[in-house]
Amino acid sequence: MEYTSITAEQLTDRPDPHTVTDSRTVYDGAIWDVCSESFRMAGQEEPLTREFITHPGAVSVVVLDEKERILLINQYRHPVRKRMWEIPAGLLDVSGEPALQAAQRELGEEADLTARTWHTLVDFDNSPGSSAEANRVFLARDLSEVPESERFEREGEEAEIVAGFADLDDAVAAVMAGRITSPAATLGILATHIARSRDWATLRAPDAEWTSRPRHEG
């Protein structure tokens with residue numbers, strides 16, 4: 001393999017749709033499905049077949065209070081049998097709902113909070129080799145509590161959520177030590193740390209273009 005220098009302008013993921021010769025759902029799940037697709041790579045006669053999780057996408061929220069402490073929620077995640085420190089998050093499972101609106105809804109439902117100031121912090125594809133899930137992480141500041149009479153009644157795993165504010169540097173240390181491993185929380189914490197070190201100059205508009213939002217919706 002030959003290696004070349006990559007310029008700053010080249011450092012961007014880009015759409016590259018390949019011709020799909022066959023597509024079918026092999027597992028119809030309660031929240032997401034498993035799809036099997038065959039497609040052709042350039043210069044190859046035989047198609048490749050890959051199975052992957054279809055996903056409507058998700059949003060996550062880094063919440064900072066006036067002391068620049070980060071809100072973390074602790075809840076049980078059954079596939080990994082852990083109680084994990086995470087940031088508020090949820091699926092883009094409401095048809096036509098803008099990502100920012102979904103993030104605002106999830107913040108109220110999971111943390112009983114609203115925020116006046118919103119920015120796009122960072123985007124990521126959660127597991128692009130096996131899932132179509134794309135996640136946008138927002139930064140929310142200037143907080144207010146949702147009135148008690150208007151609060152969402154949490155159920156399922158969310159019914160046991162415990163929430164609190166942690167020093168951002170302590171959260172960074174926990175990530176680097178491997179004590180916080182949730183991907184959205186890990187990336188959100190580190191991105192916030194970097195953004196703060198650059199006087200928040202890296203923040204994008206809350207409605208910034210998001211080309212990675214999955215095409216497999218619902």
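The values are calculated or read from the model by the stated rules, or taken from the named source; none is laboratory data. Owing to the predicted nature of the structure, the values given are computational and were not obtained by experimental measurement. Cβ atoms come from the backbone with ideal geometry, glycine included; neighbour counts cover every protein chain shown. For the accessible areas, the whole protein counts, side chains as well, though only heavy atoms, and no ligand, DNA or RNA atoms are used. Shrake-Rupley method; radii C 1.70, N 1.55, O 1.52, S 1.80 Å.
Taking the criterion of being over 25 Å from the mean Cα position of the chain (by Cα) and not in a strand (DSSP E or B), the residues of segment 19-46 that qualify are Thr19, Arg40, Met41, Ala42, Gly43, Gln44, Glu45, Glu46.
Results for (1) within 20 Å of Asp167 (Cα to Cα); (2) assigned to a helix (DSSP H, G or I), shown as yes or no for each residue.
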position	(1), (2)
Gln75	yes, no
Trp85	yes, no
Leu100	no, yes
Glu106	no, yes
Arg136	no, no
Arg141	yes, no
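How many of the residues making up segment 12-58 are open to solvent by less than 30 Å² (accessible area, probe 1.4 Å) and farther than 29 Å from Gly90 by Cβ? Before the answer, list the steps.
The initial filter retains those residues of segment 12-58 that are open to solvent by less than 30 Å² (accessible area, probe 1.4 Å), namely 29, 35-38, 54-58.
With farther than 29 Å from Gly90 by Cβ added as a condition, the list becomes 38.
So the count comes out to 1.
If you go through segment 98-135 and keep only what is among the polar types (S, T, N, Q) and surrounded by fewer than 22 Cβ atoms within 10 Å (Cβ to Cβ), you end up with Gln101, Gln104, Thr114, Thr117, Thr120, Asn126, Ser127, Ser130, Ser131. Of the residues Ser182, Ser149, the single one that is more than 19 Å from Asp65 (Cα to Cα), hydroxyl-bearing (Ser, Thr, Tyr) and at pLDDT below 90 is Ser149.
Quick check: is even one residue across segment 62-77 within 20 Å of Thr211 (Cβ to Cβ) and either open to solvent by less than 70 Å² (accessible area, probe 1.4 Å) or free of Cβ contacts under 8 Å to residues at least 40 places away in the same chain (or both)?
As a first pass, look at segment 62-77 and keep what is within 20 Å of Thr211 (Cβ to Cβ): none.
No.
One residue stands out in segment 166-181 among those that are touching a helix residue (DSSP H, G or I) at 6+ places or on another chain (Cβ under 9 Å) and part of a loop (DSSP other than H, G, I, E, B): the one that is least open to solvent (accessible area, probe 1.4 Å), namely Ile180. Has segment 173-185 got any residue that is closer than 20 Å to Leu143 by Cα and assigned by the TED database to the domain that holds Val62? Yes; the residues of segment 173-185 include at least one that is closer than 20 Å to Leu143 by Cα and assigned by the TED database to the domain that holds Val62. Taking segment 87-97 as the range and being more than 21 Å from Ala163 (Cβ to Cβ), open to solvent by less than 70 Å² (accessible area, probe 1.4 Å) and in contact (Cβ under 8 Å) with a residue 60 or more places away in the chain as the test, only Leu92 passes.
For segment 189-211, which residues satisfy the criterion of being without any contact (Cβ under 8 Å) to a residue 24 or more places away in the chain, polar (S, T, N, Q) and open to solvent by 80 Å² or more (accessible area, probe 1.4 Å)? Correct list: Ser197 only.
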